Amino acid sequence: MPEIKVTPLGAGQDVGRSCILVSIAGKNVMLDCGMHMGYNDDRRFPDFSYITQNGRLTDFLDCVIISHFHLDHCGALPYFSEMVGYDGPIYMTHPTKAICPILLEDYRKITVDKKGETNFFTSQMIKDCMKKVVAVHLHQTVQVDEELEIKAYYAGHVLGAAMFQIKVGCESVVYTGDYNMTPDRHLGAAWIDKCRPDLLITESTYATTIRDSKRCRERDFLKKVHETVERGGKVLIPVFALGRAQELCILLETFWERMNLKAPIYFSTGLTEKANHYYKLFITWTNQKIRKTFVQRNMFEFKHIKAFDRAFADNPGPMVVFATPGMLHAGQSLQIFRKWAGNEKNMVIMPGYCVQGTVGHKILSGQRKLEMEGRQILEVKMQVEYMSFSAHADAKGIMQLIRQAEPSNVLLVHGEAKKMEFLKQKIEQEF
Amino acid sequence: MAAHLKKRVYEEFTKVVQQQHEDLSTKKLRLTKPSKSAALHVDLCKATSPADALQYLLQFARKPVEVESVEGVVRILLEHYYKENDASVRLKIASLLGFLSKTAGFSPDCIMDDAINTLQNEKSHQVLAQLLDTLLVIGTKLPENPSVRMRLVEVACKHLTDSSHGVRNKCLQLIGCLGPVEKGVAKEAESQAAKDVQKIIGDHFNDQDPRVRTAAIKAMLQLHERGIKLQQAIYGQACKLLADDYEQVRSAAVQLIWVLSQLYPESIVPIPSSNEEIRLVDDAFGKICHMVSDGSWVVRVQAAKLLGSMQQVSSHFLEQTLDKKLMSDLRRKRTAHERAKELYSSGEFSSGRKWGDDAPKEEIDTGAVNLIESGACGAFVHGLEDEMYEVRIAAVEALCMLAQSSPSFAEKCLDFLVDMFNDEIEEVRLQSIHTMRKISNNITLREDQLDTVLAVLEDSSRDIREALHELLCCTNVSTKEGIHLALVELLKNLTKYPTDRESIWKCLKFLGSRHPTLVLPLVPELLSTHPFFDTPEPDMDDPAYIAVLVLIFNAAKSCPTMPALFSDHTFRHYAYLRDSLSHLVPPLRLPGRKLVSSAVSPSITPHEDPSQQFLHQSLERVYNFQHLDPRGIQELLEFTIRDLQRLGELQSELAGMADFTATYLQCQLLLIKALQEKLWNVAAPLYLKQNALASAAAKQILEETYKMEFMYSGVESRQVVIIHHMRLQAKALQLIVTARTTRGVEPLFGMCEKFLQEVDSFQRCFISELPHMQGSFVDKLLDLMPRLVTSKPSEVVKILQTTLRQSTFLHLPLPEQLHRATANIIEPTGESDNPLRFTSGLVVALDVDATLEHVQDPQGTVKVQVLYPDGQAQLIHPKPADFRNPGPGRHRLITQVYLSHTAWTEPCQIEVRLLLAYNSNRSKASTRIPKSTWSESLEALPPSENGIEGTIPFSKPVKVYIMPKPARR
């Protein structure tokens, strides 16, 4: 009987700090190495002392695999490799390798430069860490050593996200990372062949949700933006720099193209420009439409979307602005929001979840008078809309993947315990 | 005179060539006949190594072999086959055997025994497979011989146990293609092997090799195609194959299940793991639905396509395909569709959505949620959201077919179709709009759905907008707000894209005539009339105002109370529009308005369209002209032609018919005029100068007949005969004119002969129509035929001349529907003053966008012509992919034309126009006759380049300003 031992160092029954140790036929593999957004102390990184108490990391681990570039999947990587000390190979896909350092650098800047923390990894460490990375292609079988081999499958979710099959002899494990079974405007759906692994480790963020068709949501979103713009109003869309932002950009860009609209769309610069560059490069990782049409025009070379300048916010006439950060708690998006909030013609669309305490959360829960710093009262007259664009597989998607891969065992991670219980029950019932 | 001499020399030369050619061909035949097999034999014996032999065989395979020598060649090949040790050479020989057996006219039963014998000793799997392939060819060549087939099937069955998948594949293929059609025959033959072909094939459904499994399913499908009723027992086996690891197996299995569901729709099958039973077609439907979420997109496309043709499925299952239960954190959530419906039925429409509007409602019983859909659940929901557009298109097509047969399903799938209007790929959007149009008689659009549909009117693609206009033409709207909304959006569309004018007007015409009662309450608002005040008279030329009027007038047609709401100027505008846009504005009965109502006399029912009557009356008149004097005939013809042309301009639906007849009468007129030349009686030398008129007439008639034959769609064989007859007359006229103008008999010989050949082929083509042509030119000519063949050219000419004059005028029967092919170049507009500058020697691409109407097979016939100022003309063949088909009878050409020229000193205009290329070989007549007869008659025409015989310009030329600059050094 083959024995596969799985030890989650993070994201076992919650979201964030994904880090899972898998021992399979004498090989030890670490899947993801993320940080936790909610903590600012030692708890933000996985506890590597679990391994180091028995010796060095490099001796223990055969390889590390990073599924995609979100910080809760790769945020602890420089700390792990440079500060704790790991010299073995780190595997990730090409887009992840390209975009990951940008995000890590940004993360470092915020913690060190803004919050003034010491004892954090440095830029040099990020660079050194990235030197240990081996990039892999989709469906390429990489021989880590004589016995251990890994293979990447497309996972949707974000650019470059992958699921990994880890195989030693006749035993195999599939780790999904985060994935999405429904295609969106810039990425395709996750796909895996009937590889029949002994164990499937799958995320279960939306274990108890079945979502409506994406089209209705998109249509609602476009209709609202279009109506506001036609009225002469301004639309503010607070976003995080990577991922959803690109999807919404593509959505609006094609809509503008289709409907022959003229109102300007702006994107607040920063991280995004660098990232957009990589989106343009990794066309093969995008969906069918973008892949098919890029010969005529790369969809990420936006015609209608231009860089935002702070002075534009006071321009008269309609416009659409994407601004960071996504929860309206600071920065450019908040500044623009304060300027526009007073006019009922304008609109703010929140495309994602907002943490309690942020301005975003307050306005979404219907608050119309906001207290800003300096005891100012800001009256919100503009329309507030919420729209959920999420890129995780829902319960049906998870079941579909299980059906495709036909594993003999399933392990649910990256989700809440209660929801997992439901899904577990369902999986047992169906298969 | 010099020209004359030259002609003679040329003709003599051609004669010599012909003789030589004859000699050559006979010699060739004699020489090659015995050589084929002998040469091959010599070659193969010479060959020292297998590689050499292979080379010889390859060379041999490139040349065709005559029917008579096939058997000899086969014998020699077989002889070498037995001697040969190298497998590759044997393989080639085996494939050659198969190739040779295909030769038309060769009966391969004589070589079958040998071929079967070779199988026995063969060791190589590849060669075995090839030999079985050869046997398959032999078997298919002998369909009349069941015993041969039985033997072949037996042989195949023996080899089914072979260890190579290739051999098993071929065996199954052979059994599938040749297996006995009737079971009875198999029993009579009493061969245990061929007893039950289906069972043998079915046993290989579980083969270890996926290729063999696929071949087995394909063989089964082949049996079905040949008319063998498959047994129901294989259904269970086929269902297991749906879970196969390999996509080609699953794909074939889906097909097999579909076939079985069509064969046994009403049989009852048990549901595993329960005691219930359901109809087979429902079970199969569920299984195929399941495959819509398969891992391989090829299988998904296949499954989605097949779903559309399963109309016997019960409505309960059908409606499940659109079912999707939403939940959020284990609580039931309503879909956006349900919410929209609720909002609508509660009377509250288009409220801005609040945060938490879609908040989950009741808790769900965890046990009741079914995450993996059993059977049909949500198949279309998946299919329409698929990542590959091929799957989405297939799903939309399937939806369309199912909705056409089930009105209740049509109602349900509406929401999903409307959603597809926002797909990211244009083809999918277009397809879903077309689908919606096809099912539109079954549905009524809700206001919120209409809103989404109308939002697409702003699309920048003309195809999409026009498709949407067509859809609106046949949609049912439920409320007056809906109509108002549609009108407002259409007017918005009109201001944004003014070129859509015609299409929008047409759309409003139908919208009005379909919903008179909904338009009625809107009239005062639309016409902005006021009970007390006079409002300013709107501008009559404003397209938006015309659009509103078109809507109102068409509604007023079936709503007699409406005209009471019109103001004075509305009546005036009606009179004007009725005249200028008669195809859009219907005749109205307006009380108290003598001026208007007199235009339409009440006695006329809509069936007897006055213009149609007019057309027929004028034709009657013309056909009865025999008793008139020549001068009268000419005048009558002239008047009628003028009338018809005017009628065509006024009544667009009769334009094709009127133009067609006018052209025919024009031909007749020209013929009469040419024949009535007084000069016919004058001595030949004097006539030389004045022959111009007659020969020009002949030429023009020829041109017009080509136009009649190829430019109109809906021309039937009855008309084709008349057209060809007219062409024959024109050719006779040409012959007469030439005879009178050329001196010497020599050149006439050829012409006469050609003409007689043409008469002959005419007779062969239209033999069935000849009885209808009493008293016509050709009728008389055929009577005189024996005399003509033997007489001298000069006599022939004389006979022709008299027959041509005496012959009667044939009636042109009119077909039901006749449309003239028209083209309209939208782009380039020809209005630009800025020349298109480019460096000489390089090319510049000019975008051409044109609409074509009533063109049959535009891919093959429509060409673009570019005329440069120096008289140089270029013919450009657009790619087949450049043509789109937005609606029945309409096509759209969007292509790029490459221009280039040497440097000019200043900008100049070039002309771009569209041509219709024709070729009599492809004409409607040629479908009924062997090709050879036509190619003979074609010799008279100028040599053609890749099948184009001539071209007809059918669009207005557009001028483009260009300027090739000299290249800078």
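The values are calculated or read from the model by the stated rules, or taken from the named source; none is laboratory data. Remember, predicted model here, so these are calculated numbers, not experimental data. Glycine also receives a Cβ, built like all others from the backbone with ideal geometry; neighbour counts cover every protein chain displayed.
Details
- Matching residues in the stretch A:192-223 - criterion: being under 23 Å from B:ASP245 (Cα atoms), buried (at least 20 other Cβ atoms within 10 Å of the Cβ) and at the interface with chain B (Cβ under 10 Å from one of its Cβ atoms): A:ILE192
- Sole exception among (1) more than 14 Å from every other protein chain (Cβ to nearest Cβ); (2) outside any strand (DSSP E or B) for A:ILE237, by number: (2)
- Here A:LEU328 meets each of (1) crowded, with 21+ Cβ neighbours inside 10 Å; (2) within 13 Å of A:VAL235 (Cβ to Cβ) with one exception, condition (2).
- All conditions in (1) within 23 Å of A:GLN288 (Cβ to Cβ); (2) in a loop (DSSP other than H, G, I, E, B); (3) more than 10 Å from chain B (Cβ to nearest Cβ) hold for A:MET163, with the sole exception of (2).
- In the stretch A:263-293, the residues that are within 14 Å of chain B (Cβ to nearest Cβ) and either more than 16 Å from A:LEU222 (Cβ to Cβ) or assigned to a helix (DSSP H, G or I) (or both): A:TRP285, A:THR286, A:ASN287, A:GLN288, A:LYS289, A:ILE290, A:ARG291, A:LYS292, A:THR293
- Residue in the stretch B:300-313 that is buried (at least 17 other Cβ atoms within 10 Å of the Cβ) and within 14 Å of chain A (Cβ to nearest Cβ) present: yes
- Breaking point among (1) surrounded by 15 or more Cβ atoms within 10 Å (Cβ to Cβ); (2) in contact (Cβ under 8 Å) with a residue 40 or more places away in the chain; (3) closer than 18 Å to B:ASP568 by Cα, for B:PRO524: (1)
- Qualifying residue in the stretch B:444-464 (condition: within 14 Å of chain A (Cβ to nearest Cβ), part of a helix (DSSP H, G or I) and small (Gly, Ala, Ser)): yes
- Boolean, B:ILE929 is of a type outside the set (Ser, Thr, Tyr) and at pLDDT below 85: yes
- Among the residues examined, B:MET773 does not qualify as surrounded by fewer than 18 Cβ atoms within 10 Å (Cβ to Cβ), touching a residue at least 24 places away in the same chain (Cβ under 8 Å), touching a Leu at 6+ places or on another chain (Cβ under 9 Å) and over 30 Å from B:TRP904 (Cα atoms).
- Matching option when the condition is in contact (Cβ under 8 Å) with a residue 60 or more places away in the chain, assigned to a helix (DSSP H, G or I) and farther than 20 Å from B:GLY295 by Cβ, among A:ASP145, A:ASP128, A:ASP106: A:ASP106
- Residues in the stretch A:148-174 that are at positive phi and free of Cβ contacts under 8 Å to residues at least 40 places away in the same chain: none.
- Cβ separations smaller than 7 Å between residues 6+ apart or across chains give the following pairs from the stretch A:175-194 residues that are without any contact (Cβ under 8 Å) to a residue 40 or more places away in the chain to residues that are among the polar types (S, T, N, Q): A:ALA189/A:ASN180; A:ALA189/A:THR182.
- Selection count, the stretch B:803-854, where residues are out of contact with any Gly (no Cβ under 8 Å at 6 or more places or on another chain), within 27 Å of B:ILE910 (Cβ to Cβ), touching a residue at least 40 places away in the same chain (Cβ under 8 Å) and outside any loop (DSSP other than H, G, I, E, B): 18
- Unique residue being more than 14 Å from chain B (Cβ to nearest Cβ), in contact (Cβ under 8 Å) with a residue 24 or more places away in the chain and part of a strand (DSSP E or B) when the list is A:PHE322, A:PHE337: A:PHE322
- Any hit, the stretch B:703-710, residues being in a loop (DSSP other than H, G, I, E, B) and touching a strand residue (DSSP E or B) at 6+ places or on another chain (Cβ under 8 Å): no
- A:GLY366 meets the conditions (1) within 12 Å of chain B (Cβ to nearest Cβ); (2) in contact with an Asp or Glu (Cβ under 9 Å, 6 or more places away or on another chain) in every case but one. The failed one is (2).
- For first residues located in the stretch A:70-88 and in contact (Cβ under 8 Å) with a residue 24 or more places away in the chain, partners that are among the charged types (D, E, K, R) and outside any loop (DSSP other than H, G, I, E, B) and lie 6+ apart or on another chain with Cβ distances below 6 Å form the pairs A:GLU82/A:ASP128.
- Complete set of residues in the stretch B:494-522 that are among the charged types (D, E, K, R), within 14 Å of chain A (Cβ to nearest Cβ) and more than 29 Å from the chain's Cα centre (by Cα): B:LYS496
Residue-by-condition table, conditions (1) out of contact with any Leu (no Cβ under 6 Å at 6 or more places or on another chain); (2) surrounded by 19 or more Cβ atoms within 10 Å (Cβ to Cβ); (3) not assigned by the TED database to the domain that holds B:GLY383:
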| position | (1), (2), (3) |
| --- | --- |
| B:TYR235 | no, yes, yes |
| B:SER251 | yes, yes, no |
| B:PHE285 | yes, yes, no |
| B:VAL298 | yes, no, no |
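- Residue that is modelled with the lowest pLDDT, among those in the stretch B:741-796 that are of a type in the set (Asp, Glu) and not in a loop (DSSP other than H, G, I, E, B): B:GLU746
So that you can scan it fast, the table gives a plain yes or no per residue for (1) crowded, with 16+ Cβ neighbours inside 10 Å; (2) closer than 21 Å to B:ARG578 by Cα; (3) in contact with a Phe, Trp or Tyr (Cβ under 9 Å, 6 or more places away or on another chain); (4) not β-branched (Val, Ile, Thr):
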residue	(1), (2), (3), (4)
B:PRO630	no, no, no, yes
B:ILE641	yes, no, no, no
B:LEU650	no, yes, no, yes
B:ALA658	yes, yes, no, yes
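- Selection from the stretch B:352-402 of residues that are at pLDDT 80 or above, at the interface with another protein chain (Cβ under 8 Å from one of its Cβ atoms) and in a helix (DSSP H, G or I): B:VAL381, B:LEU384, B:TYR389
- Meets criteria (among the small types (Gly, Ala, Ser), assigned by the TED database to the domain that holds A:THR272 and modelled with pLDDT of 90 or more) for A:GLY160: no
- Selection within the stretch A:380-417 - without any contact (Cβ under 8 Å) to a residue 40 or more places away in the chain and either assigned to a loop (DSSP other than H, G, I, E, B) or more than 24 Å from A:ILE237 (Cα to Cα) (or both): A:VAL380, A:MET399, A:ARG403
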